[in-house]
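Quick notes on the structure that follows.
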Ligand SMILES: [Zn+2]
Ligand SMILES: [Zn+2]
């Protein structure tokens, strides 16, 4: 019966690529042409933070970038689906600011996929919080929309209440050191008991310098969580 309804709906609303509109096999998918335009992050990459290395390097099973090798990444793992470039930017920014929610399935599915080989055990999924002022202005937190299907996949609790964020002016076009300073102290944990001892997965649409994840990791460690992972749809890749 469910299949019959599905076929009927597919007949009325044929599944189409959420980017270019080309017909595809099932709803939420994108066509192969659009798929190829992303710079998906695969191996070799930093085992800890997912920083992509050039494809032709053979670095062994668990390579690390200099940042992680020096112990500066306090998170257990960070992963991102793709590199932030002109193509992924044109998916990510409309999703963030212009209500283009049709990209939600593509983004969250690719984020679940990029975590797959880590076999993570996750208790709580936390979308990177927006300050209330931004939330009211935008009407939704794009990270929460991505976090919901991810929490479902991990059979984990989606927690949008335990951490609050103070409003600070935009971080656009700042150096990574300025971003780190700008985000320092903006997050506050309200319900430490909800998080203590838990394995936390942070979710955001883009990782720029990593400052937001690092700062959340800092406050979560103080709350004695047992692991902190993070995933973003895209990440800015600076030369290292
Ligand atoms: Zn397409
Ligand atoms: Zn790394």
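Can you find a residue in segment 176-183 that is surrounded by 17 or more Cβ atoms within 10 Å (Cβ to Cβ), in contact (Cβ under 8 Å) with a residue 24 or more places away in the chain and not in a helix (DSSP H, G or I)?
No, segment 176-183 contains no residue that is surrounded by 17 or more Cβ atoms within 10 Å (Cβ to Cβ), in contact (Cβ under 8 Å) with a residue 24 or more places away in the chain and not in a helix (DSSP H, G or I).
Considering only residues that are within 29 Å of residue 220 (Cβ to Cβ) and without any contact (Cβ under 8 Å) to a residue 24 or more places away in the chain, which ones fall in segment 53-100?
53, 61, 62, 63, 64, 68, 69, 70, 71, 72, 93, listed by residue number.
Out of 33, 96, I need the residue that is away from ligand 1 (no atom under 16 Å from the Cβ), farther than 18 Å from residue 237 by Cα and part of a helix (DSSP H, G or I). Which one?
The unique qualifying residue is 96.
For segment 12-27, state whether one or more residues are away from ligand 2 (no atom under 16 Å from the Cβ), over 16 Å from residue 88 (Cβ atoms), at pLDDT below 90 and not in a loop (DSSP other than H, G, I, E, B).
Yes, because at least one residue in segment 12-27 is away from ligand 2 (no atom under 16 Å from the Cβ), over 16 Å from residue 88 (Cβ atoms), at pLDDT below 90 and not in a loop (DSSP other than H, G, I, E, B).
Which of the numbered conditions does residue 160 fail, given that it passes all the others? Conditions: (1) in a loop (DSSP other than H, G, I, E, B); (2) out of contact with any strand residue (DSSP E or B) (no Cβ under 7 Å at 6 or more places or on another chain).
Of the numbered conditions (1) in a loop (DSSP other than H, G, I, E, B); (2) out of contact with any strand residue (DSSP E or B) (no Cβ under 7 Å at 6 or more places or on another chain), the odd one out for residue 160 is (2).
Residue by residue through segment 194-219, note down the ones that are more than 16 Å from the chain's Cα centre (by Cα) and without any contact (Cβ under 8 Å) to a residue 40 or more places away in the chain.
196, 197
With respect to residue 64, determine if the residue is part of a helix (DSSP H, G or I) and either within 21 Å of the chain's Cα centre (by Cα) or within 12 Å of ligand 2 (Cβ to nearest atom) (or both).
Taking the combined requirement at face value, the residue does not satisfy it.
List every residue pair whose Cβ atoms sit under 9 Å apart, with the two residues 6 or more apart in sequence or on different chains, where the first one lies in segment 1-23 and is at positive phi and without any contact (Cβ under 8 Å) to a residue 12 or more places away in the chain and the second, anywhere, is in a loop (DSSP other than H, G, I, E, B) and within 16 Å of ligand 1 (Cβ to nearest atom).
Filtered contacts from segment 1-23: 21/31.
Looking at (1) in contact with a helix residue (DSSP H, G or I) (Cβ under 9 Å, 6 or more places away or on another chain); (2) part of a loop (DSSP other than H, G, I, E, B); (3) without any contact (Cβ under 8 Å) to a residue 60 or more places away in the chain, which is the one condition that is false for residue 50?
Condition not satisfied by residue 50: (3).
Kindly list the number of the only condition in (1) outside the structural domain of residue 231 (by TED's automatic domain parsing); (2) out of contact with any strand residue (DSSP E or B) (no Cβ under 6 Å at 6 or more places or on another chain) that fails for residue 23.
Evaluating residue 23 over (1) outside the structural domain of residue 231 (by TED's automatic domain parsing); (2) out of contact with any strand residue (DSSP E or B) (no Cβ under 6 Å at 6 or more places or on another chain) leaves (2) as the failure.
Restricting attention to segment 40-47, does a residue exist that is within 16 Å of ligand 1 (Cβ to nearest atom) and at pLDDT 95 or above?
For segment 40-47, residues within 16 Å of ligand 1 (Cβ to nearest atom) and at pLDDT 95 or above: present.
Quick check: anything in segment 50-64 at pLDDT below 90 and within 16 Å of ligand 1 (Cβ to nearest atom)? Talk me through it step by step, then tell me what you get.
Within segment 50-64, the first condition is being at pLDDT below 90, and the residues that meet it are 54-62.
Then drop every residue that is not within 16 Å of ligand 1 (Cβ to nearest atom), which leaves none.
No, because not a single residue in segment 50-64 is at pLDDT below 90 and within 16 Å of ligand 1 (Cβ to nearest atom).
The values are calculated or read from the model by the stated rules, or taken from the named source; none is laboratory data. All figures in this text were calculated on a predicted structure; none of them were measured in a lab. No Cβ is skipped: glycine too gets one built from the backbone with ideal geometry, and neighbour counts run over all protein chains shown.
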